[in-house]
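The values are calculated or read from the model by the stated rules, or taken from the named source; none is laboratory data. The shown structure was predicted, so the numbers you read here are calculated from the model rather than taken from an experiment. When we count neighbours, we look across all protein chains shown, and the Cβ atoms used for this are built from the backbone with ideal geometry, even at glycine.
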Amino acid sequence: MLLKLIQKNKNIFIPLLLFIVFYFIFFHNIGTYPLMDIDETRYVLMSRDMMKNHDFMTLYLNGEYFFEKPPLYFWIECIFFKFFGYVNEFSARFPAALSGMILCYVVYFTGKKFISSAYGIVSSLVLATCLEYTILSKYAILDIYLCFFTGLSVFSYF
């Protein structure tokens, strides 16, 4: 009975099952460990200061101008800090994990459209289980956003 229901509604169950897998890969326990990388702490503090001072055009690090990174990452962080209402490890890492998961879904739907559903599932799971991709999706640094936006631009070609 259950197998017939799943076979009949594959377009609903497969993304739902992928969501459960992606939750455990990207989101599970992302707020339980402290900020680790020196860049992670630096970027979260810069985003927090940007939100606190309401100066969204200029980046500051320890009171000095910081023009080495583009502000899009910091704007995204500020949006999620405002959405969650506080600045902590979870709210800082949530957008990176969300970007990682969204790109996996883009891979799934692109593979499903051009080749087959099985190909989309396997290719999205391969991306989601790549060690470096998973690690970058769990830290509040800019690398996953570079991968995310580059991946979106490549897949938008198709």
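So here's what we get for this one:
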| quantity | calculated |
| --- | --- |
| Residue in the range 69-80 that is farther than 15 Å from Ala140 by Cα and aliphatic (A, V, I, L, M) present | no |
| Residue among Tyr105, Tyr139 that alone is among the aromatic types (Phe, Trp, Tyr), touching a residue at least 12 places away in the same chain (Cβ under 8 Å) and assigned to a helix (DSSP H, G or I) | Tyr105 |
| Index of the failed condition, Met50 passing every other in (1) buried (at least 17 other Cβ atoms within 10 Å of the Cβ); (2) on the phi > 0 side of the Ramachandran plot; (3) not basic (Lys, Arg) | (2) |
| Scan of the range 53-109 for residues that are modelled with pLDDT of 85 or more and acidic (Asp, Glu), ordered by number | Glu77, Glu89 |
| The range 137-155, subset out of contact with any helix residue (DSSP H, G or I) (no Cβ under 9 Å at 6 or more places or on another chain) and not hydrophobic (A, V, I, L, M, F, W, C), residue surrounded by the most Cβ atoms within 10 Å (Cβ to Cβ) | Thr150 |
| Extreme residue, modelled with the highest pLDDT, among residues of the range 9-20 that are among the β-branched types (Val, Ile, Thr) and surrounded by 11 or more Cβ atoms within 10 Å (Cβ to Cβ) | Ile14 |
| Search result, residues across the range 108-136 that are touching a residue at least 12 places away in the same chain (Cβ under 8 Å), buried (at least 18 other Cβ atoms within 10 Å of the Cβ), more than 28 Å from Ile38 (Cβ to Cβ) and not aliphatic (A, V, I, L, M) | Tyr108, Thr110, Gly111, Gly120, Ser124 |
| Residue match in the range 21-36 (condition: within 16 Å of Ala140 (Cα to Cα), aromatic (Phe, Trp, Tyr), surrounded by fewer than 11 Cβ atoms within 10 Å (Cβ to Cβ) and modelled with pLDDT of 80 or more) | yes |
